[in-house]
There are 2 protein chains.
Amino acid sequence: MEDKDFIQEAYKEALKSYSLGEVPVGAVVVLDGEIIGRGHNRRITQNNPLLHAEIVAIQEACQNIGNWRLDGATIYITNEPCLMCAGAILHSRIKKVVFASLNQKMGAVVSNYKVFDNQKSPYKVEYVYLPDERCGGILTDFFKGKRKGD
Amino acid sequence: MEDKDFIQEAYKEALKSYSLGEVPVGAVVVLDGEIIGRGHNRRITQNNPLLHAEIVAIQEACQNIGNWRLDGATIYITNEPCLMCAGAILHSRIKKVVFASLNQKMGAVVSNYKVFDNQKSPYKVEYVYLPDERCGGILTDFFKGKRKGD
């Protein structure tokens, strides 16, 4: 599978959030070509402001491999991660981040912050912005619906 | 109870991490003068790189009050929060952060980043650095022990 296929898997997760009425973001963690963690945003459903897609996926991946270090893993996300999730990615020792849409207000990779470019950080994380119209589109649709009171 | 008393409660949590061989950091979340969440770092014990003291305390607080918003709450932490935890504090709508020692390498409030000073952030968080020698001291002791191979 290629990067775009894993983004498609992350998009499937985002659709689950959409169905729940949650901000539609999805993520998958991949190690050696296999998905070891999946997550979709469910912070309202579970009364937990920290349950962004990335947090759920990282925690599942760690439980699956029985290790708190995800050395060599890549996380695919439908949207640019926020500060909390970028920090979580650093702590989990994930090697690479691929994200498919930008988050102008809260994005911590290239938008509001550039945390993976910080020279003081003890861990290096590669990142790739791989635009996918559906991943940004579902967010636009969601917020349009919210404004209309859907 | 005053700020220093709640820092003492956070310190008790840090001692629990120390006993587990984990980086000794503790936190408590306080709302209307009552502790509604407690946490100590246990990322290695639970194979979960995200279980910093703050994350555990915030999640417990949200479960306790049945709400993902901790409007009006204060979090007391023995050490300056990292990027992930500062992000988590923003997402949980905590009003104020009191921390008792600095984290030169990873601190996200006044050291490596100043995220609560970011003008683009949609949420405002007050912060107070209230030095407490024991809170920094237990971290120094822990890392000294590590270097000696204790």
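Could you name the lysines whose alpha carbon sits less than 28 Å from that of A:LYS124, not counting residues in the same chain fewer than 8 places away?
By straight Cα distance, A:LYS124 reaches A:LYS4, A:LYS95, A:LYS96, A:LYS105, A:LYS114, B:LYS105, B:LYS114, B:LYS120, B:LYS144, B:LYS146, B:LYS148.
Counting only complete DSSP H runs, which helices of chain A cover 27 Å or more along their long axis at the Cα atoms and score a mean Kyte-Doolittle of 0.5 or above? Numbers along the way, then the final one.
Working: long enough: none.
Helices passing the filter in chain A: none found.
Would you list A:GLU22, B:GLU60 from the most to the least accessible area, probe 1.4 Å? Can you show the working numbers first?
Values: A:GLU22 0, B:GLU60 80 Å².
The residues order as B:GLU60, A:GLU22, largest area first.
If each Cα of the protein assembly as shown is one equal point scatterer, what is log10 of I(q)/I(0) from the Debye formula at q = 0.11 Å⁻¹?
Debye curve over Cα of the protein assembly as shown, log10 I(q)/I(0) at q = 0.11 Å⁻¹: -0.63.
Determine the relative contact order of region B:34-144: mean sequence separation of Cα pairs under 8 Å and six or more apart, normalised by residue count, in whole percent.
20 percent.
Given a 1.4 Å probe, show me the residues in region B:72-91 buried by at least 50 Å² of accessible surface when comparing the whole protein assembly to the chain alone.
When all protein chains are present, B:LEU83, B:MET84, B:HIS91 each give up 50 Å² or more of accessible surface.
Mind listing the label-point distances from B:LEU102 to the same position on all other copies, shortest first, one decimal in nm, points 7 Å along Cα→Cβ?
3.5
Carbon and sulfur together cover what percent of the accessible area of the protein assembly as shown at a 1.4 Å probe radius? The partial results should precede the final answer.
On the way: 6410 of 13320 Å².
Roughly 48 percent, rounded to a whole number.
I need the shape label for region A:1-67. Rule: rounded when a/c is under 1.5, else prolate if a/b > b/c, else oblate, with a, b, c from the alpha carbon gyration tensor.
It is oblate, given that a/c is not under 1.5 and a/b is not larger than b/c.
Quick one: which residues, 5+ away or cross-chain, put their amide H under 5 Å from the amide H of B:GLY26? H built at 1.01 Å from N.
Amide H to amide H, under 5 Å and 5 or more residues apart or across chains, B:GLY26 pairs with B:ALA14, B:THR78, B:ASN79.
Buried accessible area between B and A (1.4 Å probe, both chains summed, ligands and nucleic acids excluded), in Å² to the nearest 100?
3000
How many Å² of accessible area per residue for region A:48-100, probe 1.4 Å?
22
Using 5 Å bins from zero, what percent of all Cα-Cα pairs in chain A falls into each bin?
Each 5 Å bin holds this share of Cα pairs: 2, 11, 21, 24, 22, 13, 5, 2, 1.
Summarise the partner chain shielding of B:113-121 as one whole number: the mean count of Cβ atoms from other chains within 10 Å of each residue's Cβ.
Per residue, the number of nearby Cβ atoms from other chains is 3 on average.
How much net charge surrounds B:ARG93 when only the other residues with a Cβ under 13 Å from the Cβ of B:ARG93 are counted, with Lys and Arg +1 and Asp and Glu -1?
Here the count lands on +3.
List every residue whose amide H lies under 5 Å from the amide H of A:VAL128, counting only residues 5 or more places away in sequence or on a different chain, with H placed 1.01 Å from N in the peptide plane.
A:VAL97, A:VAL98, A:PHE99
The values are calculated or read from the model by the stated rules, or taken from the named source; none is laboratory data. Just so it is clear, the model here is predicted, and its values are computed rather than measured. Methodologically, a virtual Cβ is constructed for each residue, glycine included, from the backbone with ideal geometry; neighbour enumeration extends over all protein chains shown. To get the accessible areas, we keep the full protein, side chains included, count just its heavy atoms, and leave off ligands, DNA and RNA. Shrake-Rupley method; radii C 1.70, N 1.55, O 1.52, S 1.80 Å.
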